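Heads up: the structure comes next, in C-alpha cells.
The values are calculated or read from the model by the stated rules, or taken from the named source; none is laboratory data. Not measured: the values here are computed from a predicted model. FYI the Cβ positions are ideal-geometry reconstructions off the backbone, even for glycines, and counts take in every protein chain you see. Side chains included, ligands, DNA and RNA excluded: accessible areas come from the protein's heavy atoms. Shrake-Rupley method; radii C 1.70, N 1.55, O 1.52, S 1.80 Å.
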Amino acid sequence: MANVFFRVLNSSNPVKFSLVKHQLYKAVPIVTRLSSGIYTPDDTEPPIPVYQEKSGETTELKRARLLYQSRKRGMTENGLLLSSFASKYLDKLDEDQLIMYDRLINKPTNDWEIYYWVTGAKPTPDEYNHHVMDMLKEHTQNKDKDLRLHQPALYT
C-alpha cells in the first residue's frame with residue numbers, strides 16, 4: 001500500500017493519507033490538493049464493480065431474482081417501469097430472453113441510461129438493442145394508458 005503526503009492548510013506538518021486498495025478496483029488516492037488549497041476526493045463517485053453473470057441458478061430462481069431487481073432500482077422511474085414490465089412479462093420470457101433482460105437491467109452502471117434508452121431520449125447501444133428491449137420500449141409507451149403510480153403487488 002502506497003502513502004501520499006499532503007501539507008494541511010495552516011500547518012507545517014505533512015499529513016499522511018493512505019491509498020484505498022480493493023481487489024476489484026485500482027488503487028486511488030483518498031484526497032488530492034486543488035489549486036484553491038482545499039482538499040477534496042479525486043472522484044466523488046463510488047467505484048462500481050463489474051457485472052458478473054450468475055451461473056448455476058434455476059430458471060425459477062432467476063425469475064425471482066429479476067423480479068426483485070426490477071422492483072429495487074434506486075430510482076422511482078425505473079422501479080415503476082421495470083416492476084410493471086416484470087409483473088406482466090417475466091413469466092412469459094424464455095431462458096435466452098431472461099438472460100437478455102438480466103444483462104439489460106444489471107450490466108449498465110447507471111440506471112438513468114436504461115431510462116433514457118427505453119423512453120427514446122438516447123439511442124440504445126447495439127449490445128442492448130434486442131427483442132426484450134423492444135418489448136420494454138413498447139411497455140414504456142403505455143399505449144393502454146395504464147395508471148402506474150405504484151409498483152404492482154408481488155402476489156395476487
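Checked against a 23 Å cut-off, the cross-linked pairs 107/137; 54/137; 88/137; 62/145; 72/143; 62/122 give Cα-Cα distances beyond that limit for 54/137; 62/145; 72/143; 62/122.
Ranked by the mean number of other Cβ atoms within 10 Å of their residues, highest first, the peptides 119-127, 60-68 fall in the order 60-68, 119-127.
Computed extension length for residue 155-residue 126: 7.0 nm, one decimal, from 0.36 nm per residue of separation with the Cα-Cα distance subtracted. Under Stokes-Einstein, with the Kirkwood radius over Cα pairs standing in for Rh, what whole-number D in µm²/s applies to the range 101-143 at 20 °C and 1.002 mPa s? Roughly 207 µm²/s, to the nearest whole number.
First measure r as the distance between the Cβ atoms of residue 142 and residue 113, then evaluate 1/(1 + (r/R0)^6) with R0 = 22 Å and state the FRET efficiency to the nearest 0.05.
Computed FRET efficiency for residue 142 and residue 113 comes out at 0.60.
Using the Cα gyration tensor of the range 72-156, with a ≥ b ≥ c the square roots of its eigenvalues, what is the shape: rounded (a/c below 1.5), prolate (a/b larger than b/c) or oblate (neither)? It is rounded, given that a/c, with a ≥ b ≥ c, falls under 1.5.
Here the range 72-111 exposes an accessible surface that is 44 percent carbon and sulfur, computed with a 1.4 Å probe and the other protein chains kept in place. Applying both filters, DSSP loop and at most 16 other Cβ atoms within 10 Å, to the chymotrypsin sites (Phe, Trp or Tyr not before Pro) of the range 95-156 gives 155.
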